[in-house]
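Below is one structure, written out as structure tokens; the observations come after it.
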Amino acid sequence: MDLRWENDSLRGVVHAGFRSIPLTKASFKRETGDIAMEFDVEGNRGRTVHYIIDGKLSGNAINGTWTHDDEHGDFKVTKQ
């Protein structure tokens, strides 16, 4: 994942294998470390799958949850 500030807007890309998926929404609250992101990918049979990511930045890592449809899970991303 690559995140960057463009003026007052958080932008970014999720890297999944050979794909680079642009975020459609992203927000960050400096005072709490809360981060929220959304993006769309092409799923089975060309169906659009909408992911919602909620996490918290602590040090050099983001921990949180992802959801799409009825699926969900936990994740951890660490800055390299």
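Taking trypsin sites (Lys or Arg not before Pro) that fall in a DSSP loop and have at most 16 other Cβ atoms within 10 Å as cut points, what is the longest piece of the chain between them? Maximal segment without exposed cleavage sites: 48-78.
Relative to its residue count, the chain spans a Cα convex hull of 103 Å³ per residue.
For the chain, the share of accessible area belonging to carbon and sulfur comes to 47 percent (1.4 Å probe, ligands and nucleic acids excluded). Between ASP40 and ASP8, how high is the FRET efficiency from 1/(1 + (r/R0)^6) when r is the Cβ-Cβ distance and R₀ = 22 Å? Nearest 0.05. Calculated value: 0.40.
Between LYS25 and LYS56, the modelled label-to-label distance comes to 2.2 nm, taking each label 7 Å out from Cα in the direction of the beta carbon.
The values are calculated or read from the model by the stated rules, or taken from the named source; none is laboratory data. Since we're looking at a predicted model, the values are computed, not measured. Using ideal geometry, Cβ is built from the backbone for each residue, glycine included, and neighbour counts are taken over all protein chains shown. Side chains are part of the model used for accessible areas, which takes the heavy atoms of the whole protein and leaves out ligands, DNA and RNA. Shrake-Rupley method; radii C 1.70, N 1.55, O 1.52, S 1.80 Å.
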